[in-house]
1. Going through region 529-550 one residue at a time, which ones are more than 18 Å from residue 494 (Cβ to Cβ) and among the hydrophobic types (A, V, I, L, M, F, W, C)?
2. Select, from 140, 127, the only residue that is part of a strand (DSSP E or B) and either within 26 Å of residue 313 (Cα to Cα) or aromatic (Phe, Trp, Tyr) (or both).
3. Which condition does residue 323 not pass, out of (1) among the aliphatic types (A, V, I, L, M); (2) modelled with pLDDT of 85 or more; (3) buried (at least 17 other Cβ atoms within 10 Å of the Cβ), if it passes all the others?
4. Under 8 Å between Cβ atoms, which residue pairs at least 6 apart in sequence (or on different chains) link something in region 350-366 that is aromatic (Phe, Trp, Tyr) with a partner that is at pLDDT 70 or above and surrounded by fewer than 20 Cβ atoms within 10 Å (Cβ to Cβ)?
5. In this structure, is residue 245 over 18 Å from residue 107 (Cα atoms) and either in a strand (DSSP E or B) or not hydrophobic (A, V, I, L, M, F, W, C) (or both)?
6. Counting just the residues of region 466-485 that are open to solvent by less than 10 Å² (accessible area, probe 1.4 Å) and in a helix (DSSP H, G or I), which one comes out farthest from residue 395 (Cα to Cα)?
7. Can you find even one residue in region 377-390 that is assigned to a loop (DSSP other than H, G, I, E, B), farther than 27 Å from residue 191 by Cβ and open to solvent by 10 Å² or more (accessible area, probe 1.4 Å)?
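The values are calculated or read from the model by the stated rules, or taken from the named source; none is laboratory data. Keep in mind it's a predicted model, so treat the numbers as computed, not measured. Cβ sites come from the backbone with ideal geometry, for glycine too, and all protein chains shown count toward neighbours. Heads up: the accessible areas ignore ligands, DNA and RNA and are worked out on the full protein's heavy atoms, side chains in. Shrake-Rupley method; radii C 1.70, N 1.55, O 1.52, S 1.80 Å.
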Amino acid sequence: MQKPGNVGGKPLAVIGHAWTPGDFLSSKRARVLFWAALSLFALSILGMWAMTSPSSSAVPETEPQSPRADAPASGDPSAQVQAMSSRPSSAARAWIPGALYRYSLSADQKITFRPAQPGVQALPSMSFDLRGEWNVGVVSVDIEHVNTRVSLKLSSLAVDVGGGPLAPDVQRNLATALQLPFFVTYDKTGLAAFTHFEQSTDPLVRSILRGVLASSQFVAKGAPGAHWSTEEHDTTGRYQATYQRLAADRFEKRKESYSHVASPQGLEPLNGQIQIAVSAVSTFALERDLWPRAIDGKEHVDVEAGQSMPPTTYEASLSLSLLEHRADPTLIGTFEARRASLSSASMASFQGVEQDPMDQYRQVLQGKDFDTLVKELRSLPEDPKARDDARTQALEQLRALFMLHPSEALKVPGIIRAGMDPLAASPMLGALSAASTPESIQSLAEVSNDAAIPKDIRMDAVAALGVAKDPTSEGLEALRGAKRDADGMLRDTAKLALGNAAFQLGDTDAKGAEALVRELTNEYGSAFNPEEQALALRTLGNTRSPSALDTLEGALRSDNPAIRQAAIEALRVIPDPRADQLLSQYMLGDPAPAVRRVAVFASSFRPLAPLLPALAQALRMDPTDGVRIDVIHLLGEQRTVLPEALPLLTWASENDPNPDLRKAAASFIHTP
């Protein structure tokens, strides 16, 4: 009897069990086996081969580390608890939060199997043809990474398995799943480092979407030159790519060869048992902001993995054409809002089987123990870049260790007391904050309140407590204790950190977060001098709580410009329309130029549409050159996503009374 959804009634024989194509989305085992046979662009079939073949002696390489914007950093304590502003260079791709790029999409992906041995029937071929829109929106930007939201809107989907279509209900389910938005983390060169899907997303869906994503990568450090080489990742593994300029705005990319393959154990070097032959050429036409205007590419990959797996051919084509580029402020914050429900994986990761959530930490840790990681931190390289890379890797590996073995975090205070350079101690504290287990918070609290530990390290521990994603009562009490420390810088850091802790607490304990906001509000009321009042206002800003607005608005009526300046600065990340109204009011009406300039600065952290009328008026009428140049720079940085910016810059380039400011405005108009 024919099973529902069977294409032609012939079952797929996969690893000794009969499955029909119509079953593949309705059975967990079928999904895994189907995925192992399919793997599409990534050809993660090699990862399944790696699980069944003899172990390689090569040690898997570390995958790219997932970014954390809330890890503590050295420097000014307020910088550790404030959001960052994107300052794109005219010589590199513009990453502007709230920028939306809509593309028409045509994508074809096909995988064909050949018999592994003579006389053995080959698995059926599979193809997926997608037509519609591919939308990419910039959600957030920090110093090193960019988070984007990606969505596919299908106008048509054609699927062929073994010479026939899928059952209608199965195809509808697949189409619905493909159109669920997901998130991608890039580095500033355009390298796709991580994907973040809803946890329930089927592996097949992830594979199709990751295939399109990988084919659309354009990677360049700074301004593109005549030719350059890069090392990139897709879900097959790591490969070398070369780029060549064809014309002023057109480039050709060639995928030269794979050096590593993604497996359940991480990236493994290719050995003689796996042969990958690739021919892949894409052309990119770029806009002024170095985002693609059009992409056309074709790829052909042949894989030979010995007699244990069938020879496989993967063919793909991709065409993207820019339909629209505009500002969409609703993008901002969407990644953080969904983060708890997302499943994250590096682009060079094996996605073929459902893994224990702790497996990712095991892969990152690479079998190292606490003593080994401490030894590596005590022998950091002299070269600044190599040292920074080593510190970043140590942070991620220590975080993985503290997640896998929480009690290991309790060793940190003793190691620091025994003597450790602040540069080496900082990654340990960042790892404790990122892990945010009760044991990690306990260790941070212990370091924070130990007067025998050097002040720089204690300040890092205090800042790390503030950004821990799961604050505990012990951690909050440690911050309150640090507020009473004899050292003024440590006290100030603790106060700012308490504001950020109130923001973090809102995810798990809304009442506790509001109680902490009230506590900080009372501290502003009892501050005995302008410096203490200004710090208390900045602390309230770090809570990002709309309930702080009444206090901030009252502070704006102060006769002291420093108090008003701190209140304006605190408004920058409070998500309430009243904050926009107050910024506009004081940008135009405050008698102190320093306050008006801070209002322009605070605007750079927010969607600009509600603030644009005030910015335009300040550009035309403010008598202070400093205010006008700040507006020019802000509009120049947002010009690619804010259509209203270019007319204002044009006006300034022709009419500003200062020739230097006219020149600055003109430079944005004439620079890509």
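1. Within region 529-550, 548, 549 meet the criteria.
2. Going through 140, 127 in turn, the sole match is 127.
3. Exception for residue 323: condition (3).
4. 361/404
5. yes
6. Step one: of region 466-485, the residues open to solvent by less than 10 Å² (accessible area, probe 1.4 Å) are 466-468, 475, 478-479, 482.
Filter again for in a helix (DSSP H, G or I), leaving 466-467, 475, 478-479, 482.
On the way: 466: 17, 467: 15, 475: 20, 478: 22, 479: 22, 482: 24 Å.
So, considering only residues that are open to solvent by less than 10 Å² (accessible area, probe 1.4 Å) and in a helix (DSSP H, G or I), the one farthest from residue 395 (Cα to Cα) is 482.
7. Yes, region 377-390 has at least one match.
Rundown of residues vs (1) in a strand (DSSP E or B); (2) within 18 Å of residue 103 (Cα to Cα), yes/no style:
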| residue | (1), (2) |
| --- | --- |
| 149 | yes, yes |
| 158 | yes, no |
| 171 | no, no |
| 174 | no, no |
| 214 | no, yes |
